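The values are calculated or read from the model by the stated rules, or taken from the named source; none is laboratory data. All values reported here derive from a predicted model rather than from experimental measurement. Cβ placement follows ideal geometry from the backbone for every residue including glycine, while neighbour counts extend to all protein chains displayed.
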């Protein structure tokens, strides 16, 4: 009973087996992630349209729940930009004139998203994540990294960048930089404006250089945390905030109260939006979790992730929050500092609680430029150029699939980009299934066994016998392809064919379309005086044959478990004919 309980709580199982040597890395990762997520989650609260403090409230149950139920050691769950934008878009048309129902709607939406994910877990829909192949993961993380970098350009420059896409943000950044340089050259820049930009860029550049230097010379040092602390000290010593440098600022006090949302008549209107957010959130969750798990040779339970995300959203709804998902930037920061388990999330949660209760003034001087630089530093590590090169060298189609995923994420949005890549990978899979490799098997001089005659010089078929192997399951997608290629293998033989043997080692089962096609093939071969037989027939396939008329036509005498027994049966055919003739 206890073992079954722990299987439902993989995060708790990891914590129960915790090693003391992991504590330093988890502690540093937790504190640093907390330093980043506090202003970030407040900003997401503003983006959704609720008070900024609600962003901090929302992350508390999300982190706690995922630390217990999640299967990823590295993933940071909580408010995230894509789901925040989708939430704002879903809520806006339903608001009352006085906006008094805003909090109720966001909490209700979070509860609906959670319920959809839990239903998906019960229905075991996590298998859908298996469509997310390694090229998609690599391309996805590269696209997310570029989105992260573009999203921080305003913070590291002190400029107001309002674009919603990577290209819009980069274009605005370049235009504003060029504009400032032009105004500066004409000496018509606003008083102090160019100075603010300069101070912000210099601070960001120094932090960036510091991060790379520490990472190179002292790879085990907590570079992001040191960068934040040094940046904060610089703000306090040189009064940079009074010179226009953007800092986190005042942080509201107080902890949330647990309230069950009042599900209103607008529930049907929110359901479609909740489904879309659940799909986006889960896709983001699994893609990010698998990408980081692959780096540490860990495994992710896709179905368990549905449960963890669902319960995290239900918790967010109970504290009057909004829908949550995983954060690639916070996950990257934690992983960069060597986070070992979800204890880093619990530590970050503890820091957030401490800030809400006692430490608000300490964090108010955190420079946003330093936080933005930390995100960019972490994002660069998500773009795995060696992996793109490896994909290109291994198989070009995988490389282009990764590139298409990256471009799709950048040009459209995360969900559409991943959907395009998944669609292309499914099309490629179906094309391989519809026209797989096949082989006519024969003997090779001085080499035991039967082999593909096209692979070996001097290979020949056994006179009168065609052993045909089709390297894919038989189904509606390839039934006609199989029949045409099987008949062609017979037509290519020089000597008259007496037996056609289907080697079914790659065929575990077939559908009704393929079964009908095999009966047609049997009838056509019988009309040409050719015996149809099957070898290496598995039990599942044999059970299906027993439920069809084909087995009666072939007869069980022509169903062989091995190629060796089949060849013995073929070689004894004349002896059987002679005995029948004598009788």
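With region 410-496 as the region, which strands (runs of 3 or more DSSP E) entirely inside it contain at least 3 residues that are touching a helix residue (DSSP H, G or I) at 6+ places or on another chain (Cβ under 7 Å) and closer than 19 Å to residue 564 by Cβ?
Once the strands (runs of 3 or more DSSP E) in region 410-496 are filtered for at least 3 residues that are touching a helix residue (DSSP H, G or I) at 6+ places or on another chain (Cβ under 7 Å) and closer than 19 Å to residue 564 by Cβ, what remains is 465-470.
Considering only region 147-163, how many residues are surrounded by fewer than 19 Cβ atoms within 10 Å (Cβ to Cβ) and touching a residue at least 24 places away in the same chain (Cβ under 8 Å)?
Looking only at that region, the number is 0.
Against the conditions (1) touching a strand residue (DSSP E or B) at 6+ places or on another chain (Cβ under 6 Å); (2) assigned to a loop (DSSP other than H, G, I, E, B), where does residue 71 fall short? Just the number, please.
(1)
Would you check which residues across region 539-560 are over 15 Å from residue 466 (Cβ atoms) and surrounded by 15 or more Cβ atoms within 10 Å (Cβ to Cβ) and list them?
Within region 539-560, 541, 542, 544, 545, 548, 550, 551, 554, 559 qualify.
Hey, can you tell me all the residues within region 550-561 that are within 45 Å of the chain's Cα centre (by Cα) and touching a residue at least 12 places away in the same chain (Cβ under 8 Å)?
Residues satisfying the conditions are 550, 559, 560, 561.
Only one of 274, 294, 250 is surrounded by fewer than 19 Cβ atoms within 10 Å (Cβ to Cβ), part of a helix (DSSP H, G or I) and either touching a residue at least 24 places away in the same chain (Cβ under 8 Å) or touching a strand residue (DSSP E or B) at 6+ places or on another chain (Cβ under 8 Å) (or both); which?
Answer to the check: 294.
All but one of (1) under 12 Å from residue 468 (Cα atoms); (2) in contact with a helix residue (DSSP H, G or I) (Cβ under 9 Å, 6 or more places away or on another chain) hold for residue 508, so report the exception by its number.
(1)
With 457, 498, 493 as the choices, which residue is assigned by TED's automatic domain parsing to the domain that holds residue 521 and surrounded by fewer than 14 Cβ atoms within 10 Å (Cβ to Cβ)?
Sole residue among the options that is assigned by TED's automatic domain parsing to the domain that holds residue 521 and surrounded by fewer than 14 Cβ atoms within 10 Å (Cβ to Cβ): 457.
Is it the case, given these coordinates, that residue 348 is part of a helix (DSSP H, G or I), crowded, with 20+ Cβ neighbours inside 10 Å and either modelled with pLDDT under 85 or in the same structural domain as residue 203 (by TED's automatic domain parsing) (or both)?
Yes: the conditions hold for residue 348.
Can you tell me which residue is farthest from residue 240 (Cα to Cα) among those in region 191-218 that are modelled with pLDDT under 75 and not in a helix (DSSP H, G or I)?
191
Matching residues to (1) over 19 Å from residue 148 (Cβ atoms); (2) at pLDDT 90 or above; (3) buried (at least 19 other Cβ atoms within 10 Å of the Cβ); (4) not assigned by TED's automatic domain parsing to the domain that holds residue 286:
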position: 387; (1), (2), (3), (4): no, no, yes, no
position: 391; (1), (2), (3), (4): yes, yes, yes, no
position: 397; (1), (2), (3), (4): yes, no, no, no
position: 412; (1), (2), (3), (4): no, no, no, no
position: 419; (1), (2), (3), (4): yes, no, no, no
position: 423; (1), (2), (3), (4): yes, no, no, no
position: 440; (1), (2), (3), (4): yes, yes, yes, yes
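Determine which member of the set 379, 370 is touching a residue at least 12 places away in the same chain (Cβ under 8 Å), in a helix (DSSP H, G or I), farther than 24 Å from residue 298 by Cβ and in the same structural domain as residue 236 (by TED's automatic domain parsing).
370
Which of the following residues is at pLDDT below 80 and either part of a helix (DSSP H, G or I) or more than 19 Å from the chain's Cα centre (by Cα) (or both): 188, 113?
Testing whether each residue is at pLDDT below 80 and either part of a helix (DSSP H, G or I) or more than 19 Å from the chain's Cα centre (by Cα) (or both) leaves just 188.
Please tell me if residue 566 is surrounded by 19 or more Cβ atoms within 10 Å (Cβ to Cβ), at pLDDT 90 or above and part of a helix (DSSP H, G or I).
yes
From the residues in region 1-60 that are within 25 Å of the chain's Cα centre (by Cα) and assigned to a loop (DSSP other than H, G, I, E, B), which one is modelled with the highest pLDDT?
This residue is 9.
Can you spot a residue in region 81-97 that is over 17 Å from residue 323 (Cα atoms) and either crowded, with 16+ Cβ neighbours inside 10 Å or not assigned by TED's automatic domain parsing to the domain that holds residue 29 (or both)?
No - not one qualifying residue is present in region 81-97.
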